[in-house]
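Asks: Next up is a structure, given as structure tokens.
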Amino acid sequence: MRHELLIIGAGPAGVSAALYAKRANIDTGIIYLKDTALNTAHMIDNYYGLAHIKGSELFEKGLRQCQDFDIALYEEEVIDINWDEDFKVVTTKGEHFAKSLILASGAKRNVPKIKNYKEYEGRGLSYCATCDGFFYKGKVVAVLGDGSYALHEAEYLKNLAKEVYILTNNRPLKDAHLESFEIYDKEIDMLYGEDKIQGVRFKDGQELPLDGLFVAEGIAGSLDLARKLGVVVTDKNEIEVNAGLETNIPGLFAAGDLISGMKQVAKAVYDGAMAANSAIAFIKRN
Ligand SMILES: Cc1cc2nc3c(=O)[nH]c(=O)nc-3n(C[C@H](O)[C@H](O)[C@H](O)COP(=O)(O)OP(=O)(O)OC[C@H]3O[C@@H](n4cnc5c(N)ncnc54)[C@H](O)[C@@H]3O)c2cc1C
């Protein structure tokens, strides 16, 4: 589908952005999942006007408000984003296009459950196949993950690398299509290698030699999506934005827990409104 504005995320930041944009007569769509910080918040007591409300109830209220505003809602998992003249958002169900995009996908970060992974970041450990895949042309790599996002990364790498393995780190497969790759479902103990990754060692002592390991566990988090677009990320792993919440990419805005500041509903709602105002101005200018 094509919209003037697409928003990724239906938490307080994404919903607030959509309401402001739609009220300004901008054709707006939200792509989201129900896996959100708000849904895990047992009770919210500190938000204006709502004395005592379950996070899950507030989340559902936000979705209903969007439906009342005729905002297009797509409950789909985002696995890739590209940017040329328009933004192209790839989900497990298809593709969506927009002139402007607001990232409001929360603060979840994919952190591999491997004890010494940090030592190898940038030295064979990557979080983005489209960004770094080229460096592994003709080499042996593995993707760490078990779902559709891991499949997407592995499919991309298949065209470049000599061999692509899937490592689930003791988790069950969530996407059966991954079975087209050789799978190691054992628990990983650690990575090994002198200057850069040379392989993984499993808990049972077996070693699997590798030139690179791509992390794609669970769903693509905000930083994974940002990296695919070349968005500048701060040393605190937050997306860098200017005062209008625009990133370094024109027409791409970010709001809520994934940028700096308080990780609270009130601030996410404000961010959403601010990012929408900037996106509206961008759409009208272009
Ligand atoms: C346990 C807990 C208690 C809390 N208590 C409070 C409180 O009392 N008061 C308060 O003000 N704040 C509280 N918070 C914080 C508050 O929930 C967050 O600050 C707020 O939800 C952030 O909003 P957001 O819109 O930025 O992100 P989120 O609410 O996390 O929403 C992110 C959205 O992006 C979607 N998304 C992410 N990745 C993808 C993808 N790949 N594809 C499709 N969709 C995707 C998610 O599914 C979700 O819809 C609490 C948080 C937690 C975890």
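Every read-out reported here was derived from the displayed coordinates using simple, explicitly stated rules and does not represent laboratory data. The model shown is predicted, which means the values in this text are computed figures rather than measured ones. Cβ atoms come from the backbone with ideal geometry, glycine included; neighbour counts cover every protein chain shown.
Asks: Which one, Val143, Val265, Val111, has the greatest fluctuation when you compute a Gaussian network model over the chain with C-alpha springs under 10 angstrom?
Replies: Fluctuation is largest for Val111.
Asks: Taking 0.36 nm per residue of separation and subtracting the Cα-Cα distance, what length does fully extending Glu182 through Lys34 add? All intermediate terms of the calculation are to be shown ahead of the outcome.
Replies: On the way: separation 148, 0.36 × 148 = 53.28 nm, distance 3.10 nm.
50.2 nm is the gain from fully extending Glu182 to Lys34.
Asks: Then there is this: Considering only Gly55, Leu157, Ala98, whose Cα is most displaced toward the positive end of the charge dipole of the chain, charges sitting on Cβ of Lys, Arg (+1) and Asp, Glu (-1)?
Replies: Gly55
Asks: Now, a different point. Taking a ≥ b ≥ c as the square roots of the Cα gyration tensor eigenvalues, with a/c under 1.5 meaning rounded and otherwise prolate when a/b beats b/c, else oblate, which class fits the range 94-146?
Replies: oblate
Asks: Taking the Cα-to-Cβ direction at Ser56 and at Asn248 and moving 7 Å from each Cα, how far apart do the two end points lie in nm?
Replies: 4.1
Asks: Take each of the peptides 279-285, 37-43, average the number of other beta-carbon atoms within 10 Å over its residues, and list them starting from the highest. Intermediate values should be presented prior to the final figure.
Replies: Numbers: 279-285: 17.4, 37-43: 14.4.
Order by mean packing, descending: 279-285, 37-43.
Asks: For Leu167, Leu178, what ranking results if the residue with the fewest other Cβ atoms within 10 Å of its Cβ goes first? Mind showing how you got there, number by number?
Replies: Details: Leu167 28, Leu178 20.
Fewest to most other Cβ atoms nearby, the residues stand as Leu178, Leu167.
Asks: With +1 on the Cβ of every Lys and Arg and -1 on the Cβ of every Asp and Glu, and nothing else charged, how large is the dipole of the range 117-215 about its Cα centre, in debye rounded to the nearest 20?
Replies: Numbers: 12 positive and 18 negative charges, 31 e Å.
Magnitude of the dipole: close to 160 debye.
Asks: Where q = 0.12, 0.14 Å⁻¹, what log10 of I(q)/I(0) comes from the Debye formula for the chain, counting one point per Cα?
Replies: For the chain at q = 0.12, 0.14 Å⁻¹, log10 I(q)/I(0) is -0.77, -0.99.
Asks: Let me ask something else. Any cysteines in the chain with zero other Cys Cβ atoms under 4.7 Å from their Cβ? List them, or say none.
Replies: So, Cys66.
Asks: If you build the Cα gyration tensor of the range 29-107 and take the root of 5 times each eigenvalue, what three semi-axes come out, in whole angstrom, biggest first?
Replies: The equivalent ellipsoid of the range 29-107 has semi-axes of 28, 13, 11 Å.
Asks: Write down the Kirkwood hydrodynamic radius of the range 117-215, to one decimal in angstroms, obtained as one divided by the mean of 1/r over all alpha carbon pairs.
Replies: That comes to 13.1 Å for the range 117-215.
Asks: Which percentage, to the nearest 5, of the DSSP beta bridges contained in the chain is antiparallel?
Replies: 40
Asks: Provide the packing ranking of 7-13, 193-199, i.e. peptides ordered by the mean count of other C-beta atoms within 10 Å per residue, highest first.
Replies: Packing order, densest peptide first, comes out as 7-13, 193-199.
Asks: Cut-off 13 Å, label point 7 angstrom out along Cα-to-Cβ of Asn170: give me the residues of the range 141-158 whose amide nitrogen falls inside.
Replies: Inside the label zone: nothing.
Asks: Please work out the FRET efficiency for the pair Asp204 and His42, using the Cβ-Cβ distance as r and a Förster radius of 35 Å; give the result to the nearest 0.05.
Replies: With R0 = 35 Å, the Cβ-Cβ based efficiency is 0.35.
Asks: If you count the DSSP beta bridges with both ends in the range 117-215, what percent of them are antiparallel, to the nearest 5?
Replies: Of all bridge pairs located within the range 117-215, approximately 30 percent are antiparallel.
Asks: Hey, another quick one. Can you give the convex hull volume per residue for the Cα atoms of the range 55-175, as a whole number of Å³?
Replies: Taking the convex hull of the Cα positions in the range 55-175, it is 156 Å³ per residue.
Asks: How far apart, in nm, are two points set 7 Å out from the Cα along the Cα-to-Cβ line at Lys236 and at Met190?
Replies: Going from the Lys236 label point to the Met190 one covers 3.2 nm.
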